[in-house]
Amino acid sequence: MDNKNPSLSGIKVLVVDDNEDTLALTKLMLGLCGAEVIASPTAADGLERVQMQRLDIIIRDISMAQMDAY
């Protein structure tokens, strides 16, 4: 791995964001680096996915409409 082409191969990432564009862009960028990305549009869905799978990284929007990440 080098700084110009970082590899996230083998890393499972959950991305939680209620903004559709942000969710899609984050998923795309992480996927291009080789990560296995699970996208979740709500905090409730994200919590379900955490309970169902082993994840390496969680990236989340801390200010969502129905349930924030605080």
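The values are calculated or read from the model by the stated rules, or taken from the named source; none is laboratory data. Nothing here was measured: the structure is a model prediction, and the numbers come from that model. Counting neighbours? That spans all protein chains shown, and the Cβs are built from the backbone with ideal geometry, glycine included. Please note that ligands, DNA and RNA were not included when accessible areas were found on the heavy atoms of the full protein model with its side chains. Shrake-Rupley method; radii C 1.70, N 1.55, O 1.52, S 1.80 Å.
Couple of notes before you dig in:
- Residues in segment 2-20 that are surrounded by 14 or more Cβ atoms within 10 Å (Cβ to Cβ) and part of a loop (DSSP other than H, G, I, E, B): Leu8, Ile11, Asp17, Asp18.
- Within segment 22-45, the set of residues being touching a helix residue (DSSP H, G or I) at 6+ places or on another chain (Cβ under 7 Å) and open to solvent by less than 40 Å² (accessible area, probe 1.4 Å) comprises Val37, Ile38, Ala39, Ser40.
- Residues (touching a strand residue (DSSP E or B) at 6+ places or on another chain (Cβ under 6 Å) and over 16 Å from Ala65 (Cα atoms)) located in segment 16-50: Thr26, Lys27, Leu30, Gly31, Ala35, Glu36, Val37, Ile38, Ala39, Arg49
- Residues in segment 21-70 that are in a helix (DSSP H, G or I) and polar (S, T, N, Q): Thr22, Thr26, Gln51.
- The set of residues in segment 25-60 that are in contact (Cβ under 8 Å) with a residue 40 or more places away in the chain and closer than 12 Å to Ile11 by Cα comprises Arg54, Leu55, Asp56, Ile57, Ile58.
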